[in-house]
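The values are calculated or read from the model by the stated rules, or taken from the named source; none is laboratory data. As the structure is a prediction and not an experimental result, all values here were calculated from the model. Cβ placement follows ideal geometry from the backbone for every residue including glycine, while neighbour counts extend to all protein chains displayed. Side chains are part of the model used for accessible areas, which takes the heavy atoms of the whole protein and leaves out ligands, DNA and RNA. Shrake-Rupley method; radii C 1.70, N 1.55, O 1.52, S 1.80 Å.
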Amino acid sequence: MIPIPLVVVVLGGWCAIYLADTLLTSSKSYKNSYEEWLSSRGLSISPFHIRWQTTVFNRLFYKWGRWKPHFLYLWFNLGMVFGIIAMFGSIILLGKTLIQTLNQMMAESPGNQNDRMLQVVVPGVNLPVSQLTYFFSAIFISGVIHEVGHGVAAVRETVRFNGFGMFVFVVYPGAFVDLFTTHLQLVSPVQQLRIFCAGVWHNFILGVLGLLILFPLPVFLYPFYYTGVGALVTEVLEDSPASGSRGLFIRDIITQVQDCTITKVDDWHTCLADISQKPQIGYCISTLTLQQLHFPSRVYRRLDGSIECCSNSSLTDVCFAYSGNKQSQQYSCLPARKAIQASLECRSNIDCQKAAPNSVCAIPSIENQTRFIRVKHPPQLDMLFIGFTVHLEYGVSLSSFIPRYEILSIDLPVMIETFCKYIISLSGALAVINAVPCFALDGQWILNSFLEATLSSVIVEKENRELFGFFILLGGTALLTANVVLGLWMVTAR
């Protein structure tokens, strides 16, 4: 569900803005001066929408549009080809996404929603509040680059450029360019294609630049940060299973989870996912240690069918199950930290007898779906955790970049990495969505210009070409609407 406080803040803020605008425009004393003030600053206000337009950047756009004409000609021709391919590709992508969504809706146990190729993002629901700065910054930059592409291409094709602007719709920022419509209609369909495709082309290039920064980032930061030796703890949520005196601390380096080696952040998530799917791992404990540490208690069966043998109220004792000499299942209540200290992980007694003949593989007997996990973060004592792996996974924030010097920030590489990921995903999404042949999007004008450039000799009557394009736009709009509506329902209602 959408958080009520977020809805209240957004609606309350827009109601206050619209109420103030209504009062000022209806006031006899302030109406003229207020409207003049808005007009002089290029501002316009409507429900859930604030728009600002300026001519300050016109000279800059004309300078860019006339820079190296031959290069720009090749550049926007490549953009035209990409835009046409993206238009057809976006239909295939939206079709596959819709099928995935419908399959998840009909399934009794829906799978991971992140598996969908495209998904609706709702701040505060499937987007953490802590990530909003990255999200809105990436949207704004992607939108500006998109419109810069349109503007420069228009100037290059001798279409008059009226101005550049920005807007906020509900909570989403964006940008736009104002082109002289008459000039735009007079240029050839191919020239129009270069202009209309320039936005999605520039979004694609921005995503590629993000990739070129993201993947070689360890090389760029090598003089200041090193990688490949573990995952650095950058944050531990308060009251999470990883907090406390025997838990994890900021700047700790996690090197191992159970028998799974950690060299980067992805290993942390992969190892925990693997641990949650496989049976509980055991620990090689000598028979002498079992006799010395065993705490006699009653053995009983829990409601889920698992066995408990620690009847005392200690939080440090754990029930271990093992096979004795007669291969019968036995249970022993042991102080966990002392019992497994310096012990090897195992799956059966055979694994232990290779290293120590007088040892058995003792497996923690805990509730189903929970796991007993040992996390190594030297030189500190190992952290022992009992519970659901997802609680441990999301209670800790990690980084693959370890600073070489104490004065270096542990958050800077994470910020760069996260921002690049948002730029890549959101700029790519903006390119895909705008390429869809849908009313009011770039795809509408790309399609119309494409049909004029390719079908004018096949479908001679312009009205017939427009009717053909109308039905394609109708289908594209329905496809995009279905994806948005069902995706929004999947995010907020389930």
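Annotation: per residue accessible area for segment 124-223 equals 43 Å², rounded to a whole number [probe 1.4 Å, protein chains only].
From the alpha carbon centroid of segment 290-357 to that of segment 375-431 is 34 Å. Approximating the spin labels as points 7 Å out from Cα along Cα→Cβ, the residue 56-to-residue 137 distance works out to 2.1 nm.
Across segment 187-342, the relative contact order, built from alpha-carbon pairs under 8 Å that are at least six residues apart, equals 13 percent. For residue 31, no lysines have a Cα falling under 21 Å of its own Cα, not counting residues fewer than eight places away in the same chain. For residue 354, the lysines whose Cα comes closer than 20 Å to its Cα, not counting residues fewer than 8 places off in the same chain, are 326. Give the shape of segment 364-416 as rounded, prolate or oblate, defined through the alpha-carbon gyration tensor: a ≥ b ≥ c are the square roots of its eigenvalues, a/c under 1.5 means rounded, and otherwise the shape is prolate if a/b is larger than b/c and oblate if not. Oblate shape, in that a/c is at least 1.5 and b/c is the bigger or equal ratio.
Between residue 28 and residue 260, what is the spin-label point distance in nm, taking each point 7 Å from the Cα along the Cα→C-beta axis? Each label point lies 7 Å from its Cα, and together they span 7.4 nm.
Measuring r between the beta carbons of residue 209 and residue 415 and using R0 = 25 Å, the FRET efficiency lands at 0.90. Legend: residue pairs 278/338; 68/421; 96/421, Cα-Cα distance threshold 27 Å; pairs beyond threshold, 68/421.
The phi torsions of segment 92-98, fed into the Karplus equation with coefficients 6.51, -1.76 and 1.60 and a -60° offset, translate into couplings of 4, 5, 5, x, 5, 5, 5 Hz, rounded to whole numbers, with Gly and Pro shown as x. A Cβ-based charge dipole, computed about the Cα centre of the chain with Lys and Arg at +1 and Asp and Glu at -1, lands at about 400 debye. Across segment 291-299, coupling constants 3J(HN,Hα) worked out from phi with the 6.51/-1.76/1.60 Karplus curve, θ = phi - 60°, read 5, 6, 9, 4, 10, x, 7, 7, 9 Hz, and Gly and Pro carry x. Projecting the Cα atoms of 275, 295, 310 onto the charge dipole of the chain, computed from C-beta unit charges around the Cα centre, puts 275 farthest toward the positive end. Our coupling estimate for segment 362-377, obtained by passing each phi through the Karplus curve with A = 6.51, B = -1.76, C = 1.60 and θ = phi - 60°, is 9, 10, x, 9, 10, 4, 4, 6, 8, 9, 9, 10, 9, 10, 9, 9 Hz, Gly and Pro reported as x. Its Cα gyration tensor gives the chain an equivalent ellipsoid, and the semi-axes of that ellipsoid, as √(5λ) in whole Å with the largest first, are 59, 25, 24.
Distance between the modelled labels on residue 298 and residue 461, one decimal in nanometres: 9.1 nm (7 Å Cα→Cβ projection).
Based on Cα contacts under 8 Å between residues 6+ apart, the chain shows a relative contact order of 20 percent.
The accessible surface of the chain, taken with every protein chain in place and a 1.4 Å probe, is 64 percent carbon and sulfur. With contributions of -39500 (n - 2.57) from each DSSP H run of at least four residues, the per-residue ellipticity at 222 nm computed over the chain stands at -16000 deg cm²/dmol.
Each listed q (0.14, 0.22, 0.33 Å⁻¹) maps to a log10 I(q)/I(0) for segment 217-256, found by the Debye formula over equal Cα scatterers with no solvent: -0.41, -0.75, -1.13.
Residue separation of residue 471 and residue 390 scaled by 0.36 nm, minus their Cα-Cα distance, works out to 24.4 nm of gained length.
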